[in-house]
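So the structure is just underneath, and the comments pick up after that.
The values are calculated or read from the model by the stated rules, or taken from the named source; none is laboratory data. This structure is a prediction, so every number in the text was calculated from the model and none was measured. We place every Cβ from the backbone using ideal geometry, glycine too, and count neighbours over all the protein chains shown.
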Amino acid sequence: MSQPSLSVLIASAEGQDYYHLLDDLPGLSIRRCAPPEVTEQCAEIDIFFGKPSAEVLAAAPKLKWIQAPSAGVEFVASIPVLVESDIVLTNTRGAHGPSIGEHTFALLLALTRHIPESVDQQRRRHWDRGQLYRTAREIGGMTMGLIGFGAIARGIAQRAEAFEINLLAVDAQAVSGDPYLDEVWPVSQLDDLLTASDVVVVAAPYTGETHHLLDASRIARMKPDAYLIAVSRGGIIVEEALVAALTEGRLAGAALDVTEIEPLPVESPLWDAPNLLLTPHLAGASAPKERRVVEIFRDNLERFMNGEPLMNVVDKRLGY
């Protein structure tokens, strides 16, 4: 009987309810491992599914390919040996767009329709529609500026069309042929996007170029009745500047699903900032997304075994 030709180590719980989709793939030896034991299991592996570390790479001399279970791969910046190696890195770009798209509009509608204030009234058994009634807003006809126009932003753009929202976008890469947007601007036009938008959505990956991209000066370019929403990664918005803008009434509101430090420290001023809605990195969560993550991994496993190009190959130097 022939032995499996490739050894796969799964070191992530992402998509775990759908790992059975890998069971019928021939020629693979697949093992699962909890994080504390990962390095002990790496000596013979060819393929790693999870978030790697320098220790994992040192313990895995045969490693050829890493499939990240997330779209973001900001860990690359802290593992220079991975950047310099021949190990191929892929991500799950495309798995998260639908759920993050829905979450983005849940946050925006919560802000414009005063859902947090209404929930607070319900908890206090208090009924007061006066100020809420006079300041609730419609999102139809708004201009949404997307910072980053990858798979996540496309999921948002697809849903924006149904709400009759006008779209602008900037991206570090040239983008063409998109059905939801006539033109994607270069990042050099970010200030124009901020000035023109009624709601700005951060959908870009976290890299050296996007670190603190939205600082005090850029937030100051936004309209005083605009909203700022972040759903990709923390560290792109200077949080102290956002708190100041909200406290001084220079923004209508903001919503963060991601923060620079996670979990958010109890001493963070974000907790008490006015008109700020926080969700604990939930935007990408859904059962269909979990399945899509495993489906992408399965597709790439088949490609790898057949010697075909992998999907979602990451430029390790760029970080996306």
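Summary table below
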| read-out | value |
| --- | --- |
| Some residue of the stretch 211-227 being of a type in the set (Lys, Arg) and in a loop (DSSP other than H, G, I, E, B) | yes |
| Given (1) closer than 30 Å to Val38 by Cβ; (2) touching a Leu at 6+ places or on another chain (Cβ under 9 Å), index of the condition Ala151 fails | (2) |
| Those strands (runs of 3 or more DSSP E) lying entirely in the stretch 13-91 with at least 3 residues over 30 Å from Ala283 (Cβ atoms) | 28-32 |
| Unique match (being closer than 21 Å to Ile115 by Cα and either crowded, with 19+ Cβ neighbours inside 10 Å or without any contact (Cβ under 8 Å) to a residue 40 or more places away in the chain (or both)) among Val202, Val243 | Val243 |
| Per-region count, the stretch 252-272, residues in contact (Cβ under 8 Å) with a residue 24 or more places away in the chain, more than 20 Å from His103 (Cβ to Cβ) and not in a helix (DSSP H, G or I) | 2 |
| Scope the stretch 144-176; condition touching a Lys or Arg at 6+ places or on another chain (Cβ under 7 Å) and either outside the structural domain of His212 (by TED's automatic domain parsing) or assigned to a loop (DSSP other than H, G, I, E, B) (or both); matching residues | Gly150 |
| Meets criteria (in contact (Cβ under 8 Å) with a residue 24 or more places away in the chain and in the same structural domain as Ala77 (by TED's automatic domain parsing)) for Arg298 | yes |
| Test for Pro288: is it at pLDDT 95 or above, in a helix (DSSP H, G or I) and within 20 Å of Ala106 (Cα to Cα) | yes |
| Residues of the stretch 12-47 classified as under 26 Å from Ala77 (Cβ atoms) and in contact (Cβ under 8 Å) with a residue 40 or more places away in the chain, total | 5 |
| Any hit, the stretch 88-104, residues being over 15 Å from the mean Cα position of the chain (by Cα), under 16 Å from Val199 (Cβ atoms), surrounded by fewer than 22 Cβ atoms within 10 Å (Cβ to Cβ) and modelled with pLDDT of 95 or more | no |
| Yes/no for Leu132 being touching a residue at least 40 places away in the same chain (Cβ under 8 Å), assigned to a helix (DSSP H, G or I) and either among the aromatic types (Phe, Trp, Tyr) or assigned by TED's automatic domain parsing to the domain that holds Arg154 (or both) | no |
| Complete set of residues in the stretch 299-320 that are assigned to a helix (DSSP H, G or I) and either surrounded by fewer than 19 Cβ atoms within 10 Å (Cβ to Cβ) or touching a Pro at 6+ places or on another chain (Cβ under 9 Å) (or both) | Asp299, Glu302, Arg303, Met305 |
